[in-house]
Ligand SMILES: [Ca+2]
Ligand SMILES: [Ca+2]
Ligand SMILES: [Ca+2]
Ligand SMILES: [Ca+2]
């Protein structure tokens with residue numbers, strides 16, 4: 001039995017040694033093993049330290065994958081950016097142009113045109129073309145003449161008639177019988193007011209050398225006696241087209257009733273003194289449509 005006990009003791013001793021022996025080397029592993037399953041910061045740190053290699057390498061892997069994906073994306077982006085670079089780049093550089101008239105929204109805001117309407121004033125010329133031509137995209141008729149910008153060959157210069165009136169012939173007929181009546185008037189009583197003293201026949205030429213018609217040409221025919229205006233007659237020939245040239249004859253008569261009494265007295269004095277009054281006629285105040 002003693003031998004049996006001794007064997008048992010030896011056996012236990014061996015078992016203890018076997019146990020203690022490995023315990024020394026396995027201790028840290030056991031600690032780590034325990035730490036691994038210890039909740040808390042330390043444990044996590046420990047686990048992190050332990051698994052950092054693995055997990056970081058797996059993270060690295062995933063980062064690498066991510067890098068790979070992002071580099072793929074970059075490649076795609078580069079591809080996308082590269083392909084339309086020429087097409088998209090100007091679009092990216094130029095401002096938005098909602099109505100597509102060639103003027104950016106921002107600029108339209110600043111110049112006061114409608115960024116949603118390529119032809120702000122609706123005259124048939126789009127805003128950009130108006131800009132190029134120097135016309136006002138907000139004004140159908142930039143130069144305020146008679147023609148809108150879309151038909152005006154000189155949209156920034158007023159089209160206008162330019163009319164000249166020339167006398168090709170003036171014929172003054174002085175009626176001396178009537179003069180005698182005028183002279184006799186103060187002596188024998190009042191002269192007949194309807195007695196014609198002088199008659200003018202004027203052959204006039206009207207020419208429009210401008211670049212627009214005029215709907216009227218008005219002028220005054222003015223009688224003078226001795227430099228004094230005694231009668232004024234207004235005439236109107238009506239429309240004169242571009243380049244039109246017309247001849248027209250006018251007859252003006254000067255009657256006793258047209259002559260102020262002071263001029264009658266002057267005429268009488270002339271006759272008494274053996275001199276002649278000077279009759280004259282002129283065209284004045286030529287008026288037509290101008291822009
Ligand atoms: Ca625009
Ligand atoms: Ca326009
Ligand atoms: Ca115009
Ligand atoms: Ca014009």
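When residue 142 is tested against (1) within 16 Å of ligand 3 (Cβ to nearest atom); (2) at pLDDT below 95, just one condition goes unmet, and that condition is (2). Of all residues in the stretch 110-139, those that are under 14 Å from residue 155 (Cα atoms) have Cβ atoms under 6 Å from Cβ atoms of residues that are not in a loop (DSSP other than H, G, I, E, B), 6 or more apart or on another chain, in 137/127; 137/130.
Here residue 205 clears all of (1) part of a loop (DSSP other than H, G, I, E, B); (2) closer than 30 Å to residue 152 by Cβ except the condition numbered (1).
Please verify whether residue 149 is touching a helix residue (DSSP H, G or I) at 6+ places or on another chain (Cβ under 9 Å), at pLDDT 95 or above and either outside the structural domain of residue 245 (by TED's automatic domain parsing) or more than 16 Å from ligand 1 (Cβ to nearest atom) (or both), treating the condition exactly as stated. Criteria met by residue 149.
Restricting attention to the stretch 208-226, the residues that are outside any strand (DSSP E or B) and either surrounded by 20 or more Cβ atoms within 10 Å (Cβ to Cβ) or modelled with pLDDT of 95 or more (or both) add up to 7.
The residues in the stretch 118-139 that are within 13 Å of ligand 3 (Cβ to nearest atom) and either on the phi > 0 side of the Ramachandran plot or buried (at least 18 other Cβ atoms within 10 Å of the Cβ) (or both) can be counted, and the count is 8.
Every condition in (1) surrounded by fewer than 12 Cβ atoms within 10 Å (Cβ to Cβ); (2) within 12 Å of ligand 1 (Cβ to nearest atom); (3) modelled with pLDDT of 95 or more is met by residue 94 except one, and the failing one is (3).
All told, residue 257 falls short of being assigned by TED's automatic domain parsing to the domain that holds residue 175, outside any loop (DSSP other than H, G, I, E, B) and within 30 Å of residue 213 (Cβ to Cβ). Any residue in the stretch 182-197 that is more than 16 Å from ligand 4 (Cβ to nearest atom), modelled with pLDDT of 80 or more, in contact with a strand residue (DSSP E or B) (Cβ under 9 Å, 6 or more places away or on another chain) and not in a loop (DSSP other than H, G, I, E, B)? Checked the stretch 182-197: at least one residue is more than 16 Å from ligand 4 (Cβ to nearest atom), modelled with pLDDT of 80 or more, in contact with a strand residue (DSSP E or B) (Cβ under 9 Å, 6 or more places away or on another chain) and not in a loop (DSSP other than H, G, I, E, B).
Residue pairs whose Cβ atoms lie under 9 Å apart, separated by 6 or more positions or on different chains, with the first residue in the stretch 262-291 and more than 27 Å from residue 219 (Cα to Cα) and the second assigned to a strand (DSSP E or B), are 266/225; 266/228; 267/197; 267/225; 276/174.
The values are calculated or read from the model by the stated rules, or taken from the named source; none is laboratory data. Source: prediction; values computed, not measured. Ideal geometry is used to build each Cβ from the backbone, glycine not excepted, and the neighbour counts take in all protein chains shown.
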